[in-house]
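For reference, the structure discussed in these notes is given below.
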Amino acid sequence: VYVENTLVIVGAGQAGFSVAAKLRALDDQRPITMVGLAPDLPYQRPPLSKKYLLGEMTFDRLLLRPPEWYEQNRIGLRLSTWVEELDRVAKQLRLQDGSLLAYDKLVLATGSTPRHLPGEIGGTLAGVYTIRDKADADHLATVMKPGSKLLIIGGGYIGLEAAAVARHLGLEVTLIEMADRILARVAARETASSIRAVHEAHGVTIRETTGLKRLIGMDGAVTGAELSDGTLLDADLVIVGIGATANDGLARAAGLAVQNGIVVDDRARTSDPDIFAAGDCALLPWGEGSVRLESVQNAVDQGEAVASVLAGAEVPYRPKPWFWSDQYDLKLQTAGLNLGYDETITRRGQREGSLSVWYYRQGRFLAVDAINDAKAYVAGKKLLEMGREADPRVVANPDADLKQLLA
Ligand code: FAD
């Protein structure tokens, strides 16, 4: 039954949750329904490739709120439900069971989907995994047996985190990366080198400038791989970590502006003023261009921005990106976005193995990667929040106190 002023949120993940929670925090009592394909209550994904995969964290600790919270806050949940179609003229959604759901305002928080390997090169063989959902991690955890041979395709954060978990569990791990180095898309050479060294010290074989020709299978299950340089490898299981694409199909079919993600303005509005998009699926303004951010920071903050706009505050959302990755005892924290950097400064930290890499473009400070160096992270993040520069002379001098930058 349609109730006036209804907000419907498609996607019961981090961003969708953030919209609903912030609206209630603002004491906005409009009817809210969240529709999500997953059977689970909204949960955080980062531990799926870290402590949860390792078995050191239970699922209830991943939940963003316990079940009763939704009831107390009168947030309707329609889980295990796929939204098939968006009709912008009638302002309603068609759900997979054929029922219709009407909205006044709509938020698309549909997330992203990992890229899969094509079937022609073995992508559909049993034993080939991506990591996105609880079910993926649960399944993987049952097959990650000590002594098994794991091939990881792609040297991005998810692949590297999975490598660390696998070594911890006693698997033999080979990671291949098509580019000339791991983390080529997201981090500077210095960051990548120091992370590579930690993996190699833990016994991971990393092969850069090496692509996959095909996976080899027997009776429908993966048994090995042929690499671009002709090498043949045995593999009991394969994890594919080659990036993700925005879930923008619903928006595209409804005629909303979509590029590599659902195009939104700085209020997170799509090309339809009654429809917003937030999180991994949204392509948002950044500098002269646009960017899609796959991070908890963006899902939470952009979701909150949508709520504020819905509640009547016309404030622009200007992302303050930050991110982290845990691998073994290595904690990487980044603040800012290094897009278009033309110079880096690498700074030795106070502790053994700690390091930070500072990114600049035409002399302007853009971002910092901090490896086991919370001080550098905090200083960099504060500078970015304050819109201040990071004086290269201070940064480059490992004996100079970073607090000087903040003074
Ligand atoms: P999601 O949380 O994916 O939620 C979207 C939901 O929408 C999904 O449940 C999907 O099923 C549902 N949906 C999509 N289409 C439909 C439809 N038509 N009908 C119904 N439901 C639909 N970020 C960090 O900052 N730090 C990290 O260390 C980190 N580690 C990560 C590790 C892993 C393994 C993964 C997968 C992600 C990690 N991230 C990390 C990224 C972060 O988790 C995401 O950026 C965040 O979850 C995005 O939130 P979202 O709400 O946009 O998407």
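The values are calculated or read from the model by the stated rules, or taken from the named source; none is laboratory data. Remember, predicted model here, so these are calculated numbers, not experimental data. Glycine also receives a Cβ, built like all others from the backbone with ideal geometry; neighbour counts cover every protein chain displayed. All accessible areas refer to the heavy atoms of the entire protein, side chains included, with ligands and DNA or RNA removed. Shrake-Rupley method; radii C 1.70, N 1.55, O 1.52, S 1.80 Å.
Observations on the structure shown:
- Members of the stretch 307-350 that are hydrophobic (A, V, I, L, M, F, W, C) and either part of a strand (DSSP E or B) or on the phi > 0 side of the Ramachandran plot (or both): 322, 323, 324, 330, 332, 335, 345
- Which listed residue is away from the ligand (no atom under 11 Å from the Cβ), closer than 30 Å to residue 140 by Cβ, more than 18 Å from the chain's Cα centre (by Cα) and surrounded by fewer than 15 Cβ atoms within 10 Å (Cβ to Cβ), from 274, 236, 329: 329
- Restricting the first member to the stretch 113-139 and to residues that are over 17 Å from residue 223 (Cα atoms), and the second to residues that are more than 16 Å from the ligand (Cβ to nearest atom), the beta-carbon pairs closer than 6 Å and six or more apart or on different chains are 116/123.
- Single residue of the stretch 350-407 satisfying the filter (basic (Lys, Arg) and either at pLDDT 95 or above or under 22 Å from the mean Cα position of the chain (by Cα) (or both)) that is surrounded by the fewest Cβ atoms within 10 Å (Cβ to Cβ): 393
Conditions tested, residue by residue: (1) open to solvent by 70 Å² or more (accessible area, probe 1.4 Å); (2) within 16 Å of the ligand (Cβ to nearest atom); (3) over 27 Å from residue 197 (Cα atoms); (4) touching a residue at least 24 places away in the same chain (Cβ under 8 Å).
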| site | (1), (2), (3), (4) |
| --- | --- |
| 90 | no, no, yes, no |
| 101 | no, yes, yes, yes |
| 111 | no, yes, yes, yes |
| 146 | yes, no, no, yes |
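- When residue 198 is tested against (1) part of a helix (DSSP H, G or I); (2) among the hydrophobic types (A, V, I, L, M, F, W, C); (3) open to solvent by 50 Å² or more (accessible area, probe 1.4 Å), exactly one condition is not met: (3).
- Only one of the numbered conditions (1) buried (at least 17 other Cβ atoms within 10 Å of the Cβ); (2) near the ligand (Cβ under 10 Å from one of its atoms) is not met by residue 22, and that is (2).
- Within the stretch 288-314, the set of residues being within 16 Å of the ligand (Cβ to nearest atom), over 14 Å from residue 17 (Cβ atoms), surrounded by fewer than 19 Cβ atoms within 10 Å (Cβ to Cβ) and hydrophobic (A, V, I, L, M, F, W, C) comprises just one member, 291.
- Taking the listed residues 261, 303, the one that is over 30 Å from residue 202 (Cβ atoms), touching a residue at least 12 places away in the same chain (Cβ under 8 Å), in contact with a Cys (Cβ under 9 Å, 6 or more places away or on another chain) and among the small types (Gly, Ala, Ser) is 261, with no other qualifying.
- Enumerated strands (runs of 3 or more DSSP E) restricted to the stretch 21-120, each holding at least 2 residues that are under 26 Å from residue 297 (Cβ atoms): 32-35, 75-78, 105-108, 112-114
- Residue that is surrounded by the fewest Cβ atoms within 10 Å (Cβ to Cβ) [pool: residues in the stretch 25-60 that are within 7 Å of the ligand (Cβ to nearest atom) and closer than 17 Å to residue 92 by Cα]: 35
- Check on residue 41, touching a residue at least 60 places away in the same chain (Cβ under 8 Å), hydrophobic (A, V, I, L, M, F, W, C) and closer than 26 Å to residue 139 by Cα: no
- Yes/no for residue 246 being among the small types (Gly, Ala, Ser), farther than 16 Å from residue 8 by Cβ, within 14 Å of the ligand (Cβ to nearest atom) and buried (at least 24 other Cβ atoms within 10 Å of the Cβ): yes
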